[in-house]
Every structure is written in structure tokens, then in C-alpha cells.
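Heads up, the thing below is written out as C-alpha cells.
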Amino acid sequence: MTWDVAICGGGPAGLAAAIHSATRGFSTIVLERGVPPQDKACGEGLMPRSLCALRKLGALAALPPEQQAPFQGIRYVHANGSIEARFRDGPGLGIRRTALSTALRQRANEAGATIRGTSVRAVRRGAIDTDSETIETRLVVGADGLNSAVRRHAGLDLPVRGPRRYGVRRHLAMAPWNDLVEVHWSDCGEAYVTPVGASCVNVAFLWHEDALPERASFESLLERFPALRNRVRDVPVESEARGAGPLARRVRARTAPGIALIGDAAGYVDAITGQGLSLAFTSAELLVRALPAGLREPELTRGLRRYDASLRGEWLRLRLACARAAGARPTATAAPRSAALRAAPPVVVRPALARGRLIAPARALGAAAGAAALPPR
């Protein structure tokens, strides 16, 4: 059998693509080596835009109530003070990654996609070699994350410059102390606190490898955020620490003949934006929307070009809007973070952007009063 669409990776991006693809009537198979439900070190916060995408996928109703918690905005916390902003058009949602994976997998099955547990060994145009068979397909979709084998086999990798960035997260058994996601800043990195249930919070850290003199652990990172440490001290642990990294990824292109990349495989968006899942869902939808009905050439190549252009256009549109609101001159490196921040109304304040990077709130807090929040998308 020749499949219309074969998706490597059964995370949120891959399952979202499977739902869209099968709904359009394409024969669709997802290849995922992991045992469900899929888990990953992430902040587990869905911004309002992500929540809209999840509702559109039909998976929102399948999320278990005990493994989710709404949040109304974001608070940035530093030793010198804090700033916060609340969303204008509805809440975000903290949700356990395993619960999200289960809901999306259920919807993909209902839509008619086939999900097969197997490892991908090699990828080429029209075929995927797994550990048990060769899958023939009209389109290969790489949704296999940061260390994408599809991206590597397709020759779409680019070297990453600069210090490497890492992340780690753990769940703590305690009631959320407010209805916001908190982002705590220190000289070594950031700590993210997301409510993911009535009695559970996700605490995640991001840091650059050259910011710490010692080997990082969840405990050593927590010590660098005294206010957060004091609040969660002696709280029971609900999950073991799970790490990820190095996180930065660059791509030569998001498509090759007969191959498309989505989600983190298409280029990592720093978790500081909170928009990783939003862009995963967006890339999945834009890809399937761009595909021609018959998946034949030359229409398929044209469709992949439309996908790449639409995703680039989405990032550029958001980036320019963010730059205008923040009073910053857009640069090539600013695109992913600026775009994602623009998509998360109304969190961004004027001092938060500097040459495409968020600057420390210690310098930003004093000027925050005059900063304008961004309008909703």
C-alpha cells in the first residue's frame, strides 16, 4: 500500500497533522516509537491561541478535568519586582502533557488515521524505512522533534551557533497559588510555574550551559530562585525530573522534494515565548491546508512551497506587529520569539525586546508603566 501521508512522530504536532490529514480524506499513518501516552519536558501551558487550535482539532473535550487548570495571564517575577498582564480574549490552559497526548491520539484514531509503534531508520522521497518494514508514501512529514531524523536525512539541518540551552521540569503536588503562569528570572535563566490541576503545578527551568558553574539539576536550579524555593520547599514531588536539550535548532528549509517538517523539527522556538505548541498546531494546519487533493506532482511541490511561504508569512506578520508594539527594530534573529510573543496577548511590554532577545526584567520593570500590551490576534 502507498499511503498519502506518513508522519514520523506522534507528539502534538504529528497528531495534529494526522487529524487534519485524515479529516481531509488522505490515507494517513503516524509512526511513533514511544509508548503512549507520550511525555516530554515542557512547560505544559497552552496559550489562548493554542487553546483555540485544540478546540478546532476536537480534542479539547477529551481532556480530563483533573489534569488541567485555566490561567488568566502571565506574571514576570524578579528580585526587583514583578509585572503581569491578563489575557483579553479568554484564558490559557495548563494541561499535563500525557493528557494532551492521549486526547490528540484519540482524535487522530477517530478521524481515521493509523498509528503504528515503530522506529524510523531512514527517510527518502516516497519511502520510510522502519525497524520492521518500508512504508511507501506520497508525502513524508517530519514531526519528530528537536533531534529530527527526517530533517537530518533530508539534509535540512544547519549548525547551531552560540551557547547551548537546556530545560528540566518536575510536577509538585500542591494547589496553584494564583491563576497566572509565573516566569521567574535570575542571572542563570528562567523558572516557569504553570498550574496543571487543582492540586498540581509544573515547575520548569531553562538555562544556558555557560550560566552555571556546576552541573545543573532541578534542585541546584531551584536554589537560584529564592522566592520560588521558599514557596515550594518540602512540597511532595508528583513526577521525577525530566530534562531536554540542547534546545536550539536551525533549518536550511522546512521542505524538500516529497518531505515537509512541522513543529520543533521545523526549527525550535524558544520556550521562553510559551508558543511552542501554538506553532506546532499552526504548522500542522498550514501544511495540510496547502496540500493538493491528489498529492501528485507538480502540484505537490507547489503545495509544499505554499506551506513554507505561509509559515514564514505567519512568523513575519507576527514579528512585525510585535516590533511595532514594542518599539523595536525587527531583525532576522527576532522572528521566532517576536512572532510567538505577538501571538500571546497581551504579555509583551516595551522593554522586553532587545535585538530579538528578552532582556532581564531588572532593567525592564522600571519602564513597564508606559508599555503597551499587544492587541489580540
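Largest accessible area first, the listed residues GLU240, GLU209 line up as GLU240, GLU209 when surface is computed with a 1.4 Å probe on the assembled protein chains. Rounded to the nearest whole Hz, the Karplus-based 3J(HN,Hα) values (6.51 cos²θ - 1.76 cosθ + 1.60, θ = phi - 60°) of the range 246-252 follow the sequence x, 8, 5, 9, 10, 10, 6, with x at glycine and proline. What whole number of Å gives the distance from the Cα centroid of the range 220-282 to the Cα centroid of the range 1-78? So the two Cα centres are separated by 15 Å. Applying D = kT/(6 pi eta Rh) to the range 168-291, where Rh is the Kirkwood radius over alpha-carbon pairs, T corresponds to 25 °C and eta to 0.890 mPa s, the Stokes-Einstein value obtained is 149 µm²/s. Using 0.36 nm per residue and subtracting the Cα-Cα separation, the extra length available between SER220 and LYS56 on full extension is 55.0 nm. Of the trypsin sites (Lys or Arg not before Pro) found in the range 55-155, those in coil by DSSP whose Cβ has at most 16 other Cβ atoms within 10 Å are ARG88, ARG125.
Close amide-amide hydrogen proximity is noted between THR118 and GLU32, ARG33, each under 5 Å apart and 5 or more residues distant or on a separate chain (H modeled in the peptide plane; Pro and chain starts excluded).
Taken over the Cα atoms of the range 50-150, the convex hull encloses 171 Å³ per residue.
The values are calculated or read from the model by the stated rules, or taken from the named source; none is laboratory data. Everything quoted here is computed from the prediction, not taken from an experiment. With ideal geometry, Cβ positions are generated from the backbone for all residues, glycine too; neighbour counts draw on all protein chains shown. What goes into the accessible areas is simple: the full protein's heavy atoms, side chains included, and nothing from ligands, DNA or RNA. Shrake-Rupley method; radii C 1.70, N 1.55, O 1.52, S 1.80 Å.
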